[in-house]
Structure formats: structure tokens, C-alpha cells
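Participant: Could you have a look at this structure, given as C-alpha cells, before my questions?
Just so you know, all these numbers are worked out from the coordinates, no wet-lab data involved. On a predicted model such as this, the values are computed, not experimentally measured, just so you know. When we count neighbours, we look across all protein chains shown, and the Cβ atoms used for this are built from the backbone with ideal geometry, even at glycine.
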Amino acid sequence: MLGSALIDRTELAPRAQPTAVLGTLVHLTDAHVLDAESPARVTFLDRLGPPFTSTFRPQEALTAQVLDGAVRATNALEPDAVIQGGDLIDNAQANELERALAVLSGGTVDPDSGAPGYFGVQSAGNADPAYYRPDIDAPRHPGMLAAATRGFHAEGLRAPCYPVLGDHDLLVQGVLPPNALTGAIAVGERAVWELPPGLAAPAASERMQEAAPDGLGGPGLIEPLIQELLSAPAVNVPADPRRRQLESAEAFERLRALAGLDDSAPHLDYTFDLGERLRVIVLDLVRREGGSGGVIHEGLSAWLSEQLLDAGTRWLLVVSHQPLTSTAGGEELLAQLDRHARVLAVISGHTHRNRIRPRPGAAGGYWLISTASLIDHPQQARALRVLETAGGGVALQTWTIDHVPGGGGGLGDISGELAELDSQGGRPQDLAGERLDRNVTLYKRQSSAMVWCASRRDRLSA
């Protein structure tokens, strides 16, 4: 399962002999399970160039099948827990969430919407060569779309699954809060496939792209473009009420149920433990008012301080969807973590990129880790194994996991091929990262602050 050998990274601490395994997790993020037949898609924006190139991908009809393949690969590893790292779905639609949760939970998955069979921009009958049409374009995969809309049996995760909230889980295109207009378009029968005449990218839109391949800036950038759907030339498509847009309360309820959480707080911030020595802190950074970048909501800093204090001598993994380093107000939280000697790593998705960087600090520092997406090349998840080491330190072994061939009825491998060939996708953007961003062992020593605190605690208890 490890693939290439693990490389030692010693920027924060020297190598040390492992003495015990504290826990094994899988970080599975940015699946973007989507309804490729939905009239709420804005695929025509793809030809405007950055930042709109994520609005169409040649492999977008196969997202549920890729997630199924990733689940099967995860089950083969037999982790203690799975972190679903956010952007589980793509466009805040109820049928997208239903589809994704069916893959994670196991059972029959229905990847179709509207009338039976595929009806969308990739159909062979669509004369527009701007879209990849698998029945007629190279690489040819005749029958792929028919297979993509056929139901299949999902294995489902065998380990507990803990969700992180992503911008696409609540916001249209990951940017715009659902409203009456977007809701009516989603359940309607008018779909815009061609670029409306005279429509051009807003001024300076390239510079507005955020640090993610699917970042479309703020809602002010995309809302006027969605308005074009009202008057632009359109095709009639089969309507489907299951495409209704999600209320945030419903999305929260379904995601909390996935993790067995029963509170009704307005944000998805929580913790869970693996044994007595490892705790995971999950942060919700989604902008309810719109925009794909992260933001620190009111009260989060105080809540995090409480969790750090309550963790005691446990080692800590902190997980969010958007990286704290690019989140508005994120430096305040990073400064808190800098002062806490038990923080081992801060893990994120959103960027669709494999990347690992050390963050040195007076308390010993920690590792900043981002994981590639399941929708863009290299379509990988990340395994994380935490080990105590001789001398009271800790090591984090981490390696990338490919979704298994044959996932979702054999379509996952086709998706991998198309994602690799996508001229706008992950390969030309180097989203796979360098060797040191993938299969490595990350070391952290026990700081003098830890030793002093432990000694003081022992004296007080005596």
C-alpha cells in the first residue's frame, strides 16, 4: 500500500526510533461529487479561461465512481478513522449529497438525474467541440456516459468517517449562497451549454482566482454570469426536483449524522479522539456570505483555545478544508498553534495539491500538510500514521493512495486517464507535488516545554 519508500524529513527533529502506533487515518478530500446533467452547471464559462476552467472537466461525469474507488482503497488500508476533508459535493445540490453519502455509507448508488441516461454537454449529439465527448472524441470511450449514469453497488467505508465542511458543500459553484434564482435554475429544464454571445470574463478576473483550482473569487464575480442563464440561448433538458439546492441546516444534519454528532451548533467545529494519546480538531472555515476562501468565524479562536487546553498530553492533528495560511484571520489561529507543543500537523484540502511544509516555532513547530483532490489529477487521498518515538517525540508517516482500478463499476480508471490528459487540470498545474510532498516520515521532538509541564503535573498530583 505504501508504493514508493518513505523519505525521512528532519527539518523539525532528527530521526528517532518508533515505539508505538497511536493511530492511522485517511484524509480523503475534494471529491466534488456532482450532477453533470444539471442545468445549474455553468460549463460554458470554462472557455473564458482562468479562474473559470474548473467549471468543466472531461472526467466530471465519473465523480461518484472515483469516490467509490477511493473508499475501496481506504478500506484495504483498514484505518482507525477517515477524515472526509470537505467539498464532498460540487454545487450544493441535494441529489449530489445523496449520491456522495450513498458511496460513503455503502449500498446502491444512483448517479443519474433527469430522464434515464446521460443528457448533457458531453453527449455525442452536442456539436460543440469545446467539450470532450467520449463517444466521438479521443481518447474514445464509447458507452462511457451510459455506464456513468447506471446504478452501482458501493462498498461503503468500514472505518468511522468524520466530515469537514467545504465551500462547495454549502455554496453554488463554491462561491455563491443559494438563492431563488439559482434554485429555480437547478430544478428547471433550461440549460445553457454555449457561451452567451458577447459574454466576456470580468475585468481582472484572472487576478481574482484564489489559491485553489476551483476558486472563482467572490460572489460578486460569478453572480452576474449566472444572471446570463435567464436570457442566454438554451437547450431543453429533463427537469428533476431532486436537484433542489440544499439548505445549510439540512447539509449540517446529514454531515453530522455521518460522524455520529448530535449537537446543533451553527458551525461544524468539533473534536474526536483515537485512543488516549491522539486527538483531531476539526475547524469550519466556510464563508456563509459567499466566497471560496476561508474565514475565521466569531468565537472560533476562543473555542480552539479551550480545545488545546483540554487536550492535555495528547498529540494533536488540526484539520480544516481551506488552509489556515490563506484564510482571513488564519494567522491568529496559527499563532495559537505555534505556542502549543503538542500540535503535530495542520491538514487541509481545497488547493487540490499535495504539499508538505514545516512551520518551525519556539514550541517545536509542526507540519503544514495539504492533500490532492479526487476530482483533479492525481486523484489521490492521503494516509497518515502517527507513531510515538524514542525519547518522547512523535513521527507522522504519510503516503498517497490511488483510487483502486475498477471503482464504480470500472469507470474510475477511465477518470484517471482523462484527468491526467486534461490540459487545464492537475498535471499541468503540478498538483501531484514533489517527492517530499507525498511519501514521507515527518519527525517532531518532545520540547522542553512538554517536559516541564509533565514534571509540574506529576508534582501537583503527588
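Participant: In the range 1-109, if every C-alpha pair distance is counted and binned at 5 Å from zero, what percent goes to each bin?
Facilitator: Pair shares across the bins are 2, 10, 16, 18, 15, 11, 9, 9, 6, 3, 1, 0.
Participant: Right, another one. Based on the mean of other Cβ atoms within 10 Å per residue, sort peptides 348-360, 8-20 so the most packed one is first.
Facilitator: Going by the mean number of other Cβ atoms within 10 Å, highest first, we get 348-360, 8-20.
Participant: If you take every DSSP beta bridge fully contained in the range 7-461, what fraction is antiparallel? Give it as a percent rounded to 5.
Facilitator: Expressed as a percentage, antiparallel bridges in the range 7-461 total about 60.
Participant: Can you pull the one-decimal nm distance between simple spin-label points at ALA5 and ASN236, each 7 Å off the Cα toward Cβ?
Facilitator: If labels sit at ALA5 and ASN236, their model points lie 6.5 nm apart.
Participant: Can you list the DSSP H helices in the chain whose Cα atoms extend at least 24 Å along the helix axis and whose mean Kyte-Doolittle hydropathy is 0.5 or higher?
Facilitator: Passing helices, by number: none.
Participant: Just to confirm my numbers, what's the Cα centroid distance between the range 100-118 and the range 209-277 in Å?
Facilitator: Cα centroid of the range 100-118 versus Cα centroid of the range 209-277: 18 Å apart.
Participant: For the pair ARG190/ASP310, report the inter-label distance in nm, with labels modelled 7 Å from Cα in the Cβ direction.
Facilitator: 5.0 nm
Participant: Rounded to whole Å, give me the distance from the Cα center of the range 119-187 to that of the range 336-364.
Facilitator: That distance is 33 Å.
Participant: Also, I was wondering about something else. Please give the peptides 127-140, 372-385, 432-445 ranked by average Cβ packing (other Cβ atoms within 10 Å per residue), highest first, as a rough proxy for protection.
Facilitator: Ranking, from highest mean packing down: 372-385, 432-445, 127-140.
Participant: Something else about it: So how strong a dipole does the chain carry about its Cα centre when Lys and Arg Cβ are +1 and Asp and Glu Cβ are -1, to the nearest 20 debye?
Facilitator: Here the chain has a charge dipole of around 1580 debye.
Participant: 5 Å is the cut-off here: which amide hydrogens, built 1.01 Å from N in the peptide plane, fall below it relative to THR19, excluding neighbours closer than 5 in sequence?
Facilitator: Those qualifying (amide H under 5 Å, at least 5 residues apart or on another chain) are GLU388, THR389, ALA390.
Participant: With θ set to phi - 60°, apply the Karplus curve 6.51 cos²θ - 1.76 cosθ + 1.60 along the range 358-368 and write out the HN-Hα couplings as whole Hz, x wherever there is a Gly or Pro.
Facilitator: Using θ = phi - 60°, the values come out as x, 10, x, x, 4, 8, x, x, 7, 10, 9 Hz.
Participant: Extending each Cα 7 Å along its Cβ direction at GLU420 and GLU289, get the distance between those two points in nm, one decimal.
Facilitator: Roughly 4.5 nm, to one decimal.
Participant: Determine how many Å³ per residue the convex hull of the Cα atoms of the chain encloses.
Facilitator: For the chain, the hull spanned by Cα atoms encloses 134 Å³ per residue.
Participant: Test of understanding: extend the Cα→C-beta vector of GLU98 to 7 Å, then name every residue of the range 249-266 with backbone N under 17 Å from that spot.
Facilitator: 250-255
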